[in-house]
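The values are calculated or read from the model by the stated rules, or taken from the named source; none is laboratory data. Given the structure is predicted, the values throughout are model-derived calculations rather than measurements. Methodologically, a virtual Cβ is constructed for each residue, glycine included, from the backbone with ideal geometry; neighbour enumeration extends over all protein chains shown. With ligands, DNA and RNA removed, areas are computed over all heavy atoms of the protein, side chains included. Shrake-Rupley method; radii C 1.70, N 1.55, O 1.52, S 1.80 Å.
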Amino acid sequence: MLRRVLEEFGLFLTPFGLFLVYLLLAGRNPLRRVHWDPHLFRLVLAGLAVVIGTLVYEGLFSERRAGGYVPTHMENGRLVPGGFR
């Protein structure tokens, strides 16, 4: 679950990283707040759009499994690994 949250947080930060690269290429100091303030709202909206778009895409096009998950269990004294069946 933590991996999933970190992936989505990384996707949210993508527009901020791209804007940072733009500031560097434009010769502006990315550490000055004056360059970020006018664009902050749009960057947040862009980050949310990327995250929501990714979640919708994965929800629509992810692989579906017909069976359910069977957890690891003991069968006749042997450990049977779990998996989707």
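In segment 48-64, the residues that are within 10 Å of Leu11 (Cβ to Cβ) reach residues that are surrounded by 10 or more Cβ atoms within 10 Å (Cβ to Cβ) and among the polar types (S, T, N, Q) with C-beta atoms within less than 6 angstrom, at least six apart or across chains, in these pairs: Val50/Thr14.
Being at pLDDT below 95 and surrounded by 12 or more Cβ atoms within 10 Å (Cβ to Cβ) holds for only one residue in Val44, Val50, Val80, and it is Val80.
Evaluate segment 15-26: report whether one residue or more is open to solvent by 80 Å² or more (accessible area, probe 1.4 Å), in a loop (DSSP other than H, G, I, E, B) and not aliphatic (A, V, I, L, M). No, segment 15-26 has no match at all. Within segment 59-77, being outside any loop (DSSP other than H, G, I, E, B) and either loosely packed, with under 10 Cβ neighbours inside 10 Å or in contact with a Cys (Cβ under 7 Å, 6 or more places away or on another chain) (or both) holds for Gly59, Leu60, Phe61, Tyr69, Met74, Glu75.
Within segment 27-41, count every residue that is more than 22 Å from Phe9 (Cβ to Cβ) and open to solvent by less than 50 Å² (accessible area, probe 1.4 Å). Count: 1.
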